[in-house]
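What follows is calculated from the coordinates using simple rules that are stated; it is not laboratory data. Note that this is a predicted model, so its numbers are computed, not measured. Heads up, the Cβs are rebuilt from the backbone with ideal geometry, glycines too, and the neighbour counts pull from every protein chain shown.
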């Protein structure tokens, strides 16, 4: 599984307002958990979580049963610096409208600036009321088919949670440290050739070829070391290893004589 910075995901909360069916709480929790979001907040649910909640959560029920419960949306988002309300298009409240991807990008940008963010979802039948919408900084509209626009609560949560996941992953990739730049340039041709000459001498000194012609093995070793793109310091290190091998070969030859 791809890794997402926990601190960013934890700054994004899913706020469910006036949820009417306990099973939908569980389905929403499952939708969140699959996308790496774990902060659920409940506002005046009509019914407390129950066995249907646990059944529909499929292992994510802790998000619901551990969720703080507030009497009003104002209380639930009091510490948030960005509040986005998921709603059908409405001319009653003049709010900036965002697509799910735009909302997710804005939410993650705010979270990256150490802001707590709320993605707010209303009641299954009636959504968010006018007062609740006025508490939001922008509205999020999921462009469903106008001929069949009714979207299940958990499905709406899944759409926003997925877009948040994509935005979080993109942020994590952008924030990843760049590979360390080489501290030294690659070894020069002359330095490499000096190393290869010493390597050839060392292989002969330790009787590596055992009577076979050395050309084939040395060509393969040459390709291996060229792929490594050693710098001058690394070449010196390898030549030190070869010098020790040559010294040990001389000592072994002296003891045999």
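A few comments on the model shown:
- From its DSSP helices (H runs of at least four residues, each -39,500 (n - 2.57)), the chain gives a residue-normalised ellipticity at 222 nm of -15500 deg cm²/dmol.
- Each listed q (0.14 Å⁻¹) maps to a log10 I(q)/I(0) for the stretch 130-230 from the Debye sum over equal C-alpha point scatterers, namely -0.78.
- Degrees between helix 189-205 axis and first principal axis of the chain (Cα, 0 to 90, nearest 10): 60 degrees
- Length-normalised contact order for the stretch 189-256 - Cα pairs under 8 Å, 6+ apart - percent: 57 percent
- The angle separating the long axis of helix 100-112 from the principal Cα axis of greatest extent in the chain is about 70 degrees.
- The Rg/Rh ratio for the stretch 189-256, using Cα coordinates for both the radius of gyration and the Kirkwood hydrodynamic radius, is 1.00.
- The tail of the calculated P(r) for the stretch 8-67, taken as Cα-Cα distances beyond 16 Å, holds 32 percent of the pairs.
- The Cα atoms of the chain cover 98, 39, 37 Å along the three principal axes, with the biggest extent listed first.
- When both bridge partners sit in the chain, DSSP labels roughly 10% of those beta bridges antiparallel.
- Based on Cα contacts under 8 Å between residues 6+ apart, the stretch 1-123 shows a relative contact order of 35 percent.
- Between 0 and 90°, nearest 10: helix 22-34 axis offset from the chain longest Cα axis: 20 degrees
- Relative packing of peptides 122-128, 100-106 - highest average C-beta neighbours within 10 Å first: 100-106, 122-128
- Sequence-separation-based contact order of the chain, relative, with Cα cut under 8 Å and 6+ spacing, percent: 20 percent
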